[in-house]
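I'd like to ask some things about the structure below.
The values are calculated or read from the model by the stated rules, or taken from the named source; none is laboratory data. Just so we're clear, the structure is a prediction, and the values are computed from it rather than from any experiment. When we count neighbours, we look across all protein chains shown, and the Cβ atoms used for this are built from the backbone with ideal geometry, even at glycine. To get the accessible areas, we keep the full protein, side chains included, count just its heavy atoms, and leave off ligands, DNA and RNA. Shrake-Rupley method; radii C 1.70, N 1.55, O 1.52, S 1.80 Å.
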Amino acid sequence: MTEDVRRVFRMDNEVLAFRFTATLSDRAATVPRERLTSSTRLKIWLHATGLEVTDVSSADLADAVALREAIYHTGSAIAAGEPPDSKDVRTLNTVAAAGHAKAALNHERAEWHLTDATPVGDALGVLATDAIRILGGPDRGRIKNCEGPECAGLYLDTSRGANRRWCSMNTCGNKAKKSRLSVN
């Protein structure tokens, strides 16, 4: 894997499922930026998050993109105070149920053990399960879409006053502040 993960992907979201949705970035732009442009890119992203797979097919990539969009649409609906689409919810539940990954504690770090038979399906199951935990958990009222120019990424607002506006201060927050300075 020759590509530097941090140059290709946004890896700064605390929520794994929302980090996955950022593989399509600049969602509010005229042309969003697709970062999962190949099976190899999906393999790189999974590896970077500790979900080790040896091979990713084009069908796996299509499944991953469908899951990513179901997570994003469900999260955006919740952020807007609207009910999520039943098809997206069904996708999340189906993918989560199909996964057979096992969590393990190894040298004081959590890791996932994927099966040999369906490692990509197991990895996607981990992502779907993480999404369900956040989207259906007690903090669901803190799910927001980023207000950054062209972003609209999902994040969990953990600020004390629940008044955070950006998915990341280092990227979207800085862009917004710089654009305000250039207007003045």
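Any idea how many residues of the stretch 1-29 are touching a residue at least 12 places away in the same chain (Cβ under 8 Å) and assigned to a loop (DSSP other than H, G, I, E, B)?
So the answer is 15.
Identify, from the list Ala62, Ala104, the residue that is open to solvent by 40 Å² or more (accessible area, probe 1.4 Å), out of contact with any helix residue (DSSP H, G or I) (no Cβ under 9 Å at 6 or more places or on another chain), of a type outside the set (D, E, K, R) and closer than 28 Å to Asp4 by Cα.
Exactly one of Ala62, Ala104 is open to solvent by 40 Å² or more (accessible area, probe 1.4 Å), out of contact with any helix residue (DSSP H, G or I) (no Cβ under 9 Å at 6 or more places or on another chain), of a type outside the set (D, E, K, R) and closer than 28 Å to Asp4 by Cα, namely Ala62.
So which of Trp45, Trp112 is closer than 28 Å to Arg142 by Cα, surrounded by 11 or more Cβ atoms within 10 Å (Cβ to Cβ) and within 12 Å of the chain's Cα centre (by Cα)?
Trp45
Counting only residues that are more than 14 Å from Ala79 (Cβ to Cβ) and modelled with pLDDT of 95 or more, how many does the stretch 138-151 have?
Result for the stretch 138-151: 1.
Please work out if Thr54 is surrounded by fewer than 17 Cβ atoms within 10 Å (Cβ to Cβ), outside any loop (DSSP other than H, G, I, E, B), over 16 Å from the mean Cα position of the chain (by Cα) and touching a residue at least 24 places away in the same chain (Cβ under 8 Å).
Considered against the rule, which asks whether it is surrounded by fewer than 17 Cβ atoms within 10 Å (Cβ to Cβ), outside any loop (DSSP other than H, G, I, E, B), over 16 Å from the mean Cα position of the chain (by Cα) and touching a residue at least 24 places away in the same chain (Cβ under 8 Å), Thr54 comes out as no.
Mind telling me which of the residues Asp130, Asp116 ends up being farther than 19 Å from Arg19 by Cβ and not aliphatic (A, V, I, L, M)?
Asp116
If you don't mind, there's one more thing I want to ask. Within the set of pairs 6+ apart or on separate chains, which have a first residue in the stretch 106-126 that is under 11 Å from Glu52 (Cα atoms) and touching a residue at least 60 places away in the same chain (Cβ under 8 Å), a second that is among the acidic types (Asp, Glu) and in a helix (DSSP H, G or I), and C-beta atoms under 6 Å apart?
Going by the 6 Å Cβ cut-off, the qualifying pairs are Leu114/Asp122; Val120/Asp60.
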